[in-house]
Amino acid sequence: MGTTAKEEMARFWEKNTKSNRPLSPHVTIYKWSLPMAMSITHRGTGVALSLGVSLFGLAALLLPEQFPHYLALVKSLSLGPALIYSAKFALAFPFTYHTWNGVRHLV
């Protein structure tokens, strides 16, 4: 005759409480390091690239006009150079970082 999951959990916590063992450490106790930050940034840029490519592909399928129309629309806004260079950096950084960090990892 087997025990239920609730009984197993109660037995586990009772045994752990009696032995006074600490719980597993939480991520907040670790000291930040460069490899940790690079790994988190690599994952974040990977997610951003996946979402960006997916949204761009979905927009290409669903929007009624062709790409040159939307490019002319953006050009007609007469945005300042600071905003344009910031947007270019925001588009280029995730791709560049993710690519070079992946190469670094493979090496």
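Would you mind stating whether A48 is assigned to a helix (DSSP H, G or I) and free of Cβ contacts under 8 Å to residues at least 24 places away in the same chain?
Working: assigned to a helix (DSSP H, G or I): yes; free of Cβ contacts under 8 Å to residues at least 24 places away in the same chain: no.
When the stated conditions are applied, A48 does not pass them.
Please state which one of L23, L79 is open to solvent by 100 Å² or more (accessible area, probe 1.4 Å) and free of Cβ contacts under 8 Å to residues at least 24 places away in the same chain. Before the answer, list the steps.
Values: L79 fails: open to solvent by 100 Å² or more (accessible area, probe 1.4 Å).
Step by step, each of L23, L79 is checked, and only L23 is open to solvent by 100 Å² or more (accessible area, probe 1.4 Å) and free of Cβ contacts under 8 Å to residues at least 24 places away in the same chain.
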- Here are some conditions: (1) open to solvent by less than 80 Å² (accessible area, probe 1.4 Å); (2) part of a helix (DSSP H, G or I); (3) over 20 Å from Y97 (Cα atoms). S54 meets all but one. Which one does it not meet? (3)
- Could you tell me which numbered condition P68 fails, if it satisfies all but one of (1) part of a helix (DSSP H, G or I); (2) without any contact (Cβ under 8 Å) to a residue 24 or more places away in the chain; (3) surrounded by 10 or more Cβ atoms within 10 Å (Cβ to Cβ)? (3)
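The values are calculated or read from the model by the stated rules, or taken from the named source; none is laboratory data. Please read all numbers here as calculations on a predicted model, not as lab measurements. Because the Cβ atoms are built from the backbone with ideal geometry, glycine has one as well, and the counts that use them run over all protein chains shown. Remember, those area values only see protein heavy atoms, side chains included, never the ligands or the DNA or RNA. Shrake-Rupley method; radii C 1.70, N 1.55, O 1.52, S 1.80 Å.
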